[in-house]
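Asker: Please find one structure pasted underneath; my questions will follow.
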Amino acid sequence: MYQINTGIEVLGNGLIAAAIAQILKFIGFFITHQKINFKTFITTGGMPSSHSAGVIGLATTVGLILGFNSVEFAITLGYSLVVMYDAAGVRRSAGKIAASLNRVMEEFYSHRPSAAGEKLKELLGHTPFEVFVGAILGAAVALFIHTIILQ
């Protein structure tokens with residue numbers, strides 16, 4: 001049973017927000033490419049950021065339950081900011097490096113492509129806009145569930 005004003009609600013809202021973001025990625029991929037790709041449910045990167053949606057959903061729920069001036073909200077918000085910075089900064093940079101390495105390997109092994117090995121995953125991080133939209137989604141989901149569904 002979904003319990004109001006407990007850790008179950010906090011964790012549940014964060015997970016629901018992240019799941020909705022992944023579903024939106026799946027739908028967006030289908031609309032853009034006119035084909036179904038179930039891998040979008042488990043891949044990183046893309047619009048909106050499920051990492052941002054999840055952690056902001058978590059932080060928003062903590063704020064709604066314990067107050068936005070509580071120590072617990074400050075901790076979850078700080079954690080959320082680190083996760084979102086990582087998604088838009090470090091992991092995005094790693095994706096750009098992977099794309100460059102893939103091009104170099106492709107050119108270097110152009111005479112024998114099979115020797116290049118498996119390509120590196122390039123879509124690792126998010127643009128700042130994808131992170132922002134994920135954060136808005138997470139806050140909206142938490143607010144909706146806490147104030148409308150559970151009250």
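Asker: Rounded to two decimals, what is Rg over Rh for region 1-53 when you use alpha-carbon atoms and the Kirkwood radius?
Answerer: Values: Rg = 13.3 Å, Rh = 12.0 Å.
Radius of gyration over Kirkwood radius for region 1-53 works out to 1.11.
Asker: Right, another one. Find the Cα radius of gyration of region 5-109, compare it with 2.2 N^0.38 Å by division, and give the number to two decimals.
Answerer: 1.34
Asker: Starting from 0.36 nm per residue, how many nanometres of slack lie between Glu72 and Ile97 once their C-alpha separation is accounted for?
Answerer: Net length gain for the segment: 5.4 nm.
Asker: Quick one: 3J(HN,Hα) in Hz for region 141-148, Karplus 6.51/-1.76/1.60 with θ = phi - 60°, rounded, Gly and Pro as x.
Answerer: Working through the residues one at a time gives 4, 4, 4, 5, 5, 5, 8, 9 Hz.
Bear in mind that the values in this text are calculations on the coordinates, not laboratory data. Note that the structure is a prediction, hence the values are computed from the model and not measured.
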